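Step one of this worksheet: look at the structure below.
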Amino acid sequence: MSKTILATAETPIKSRFRHGPVVVSITVFWGRSHKIGPAVGLAIGDVDALAKATLDSLQSAGVIEDDAQVVQCTMSKTVVRNKTHERVEITITEQP
């Protein structure tokens with residue numbers, strides 16, 4: 001049975017993923033992009049660093065007990081035109 005929870009800055013997380021394997025999907029909507037170089041037009045930030053920071057934050061906040069529980073992690077970043085639309089969307093699903 002999988003469990004997925006939704007939380008926003010205004011709605012705190014009411015459930016925790018304390019034990020067992022989880023799959024995490026992270027999408028960063030960023031209002032800044034590279035202006036020069038090979039990544040011109042792409043969202044600023046290395047996906048590996050963004051993923052690590054997000055997983056560490058989930059652990060620090062007590063959402064997951066240990067980031068070693070993560071058996072699969074997908075990470076994407078995209079540029080939004082309006083900075084008021086910047087956000088991070090995270091989906092966590094328990095694995096059987």
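Read-outs throughout are calculated quantities, based only on the coordinates presented, and are distinct from any laboratory measurement. Predicted model only: the values in this text are computed from it and were never measured. Backbone-built Cβ (ideal geometry, glycine too); neighbour counts: all protein chains shown.
Give the order of Glu94, Glu89 when sorted by the count of other beta carbons within 10 angstrom, beginning with the fewest.
Ascending Cβ contact count within 10 Å gives the list Glu89, Glu94.
Arranged by the count of other C-beta atoms within 10 angstrom, fewest first, what order do Ile92, Ile36 take?
In order of increasing Cβ crowding within 10 Å: Ile36, Ile92.
For region 22-94, state what percent of all Cα-Cα pairs lands in each successive 10 Å bin, counting from 0 Å until the bin that includes the largest distance.
Pair shares across the bins are 20, 46, 26, 9, 0.
Could you pull out every one of the aspartates and glutamates with an alpha carbon less than 19 Å from that of Lys35, ignoring same-chain neighbours closer than 8 positions?
Correct list for Lys35: Asp46, Glu86.
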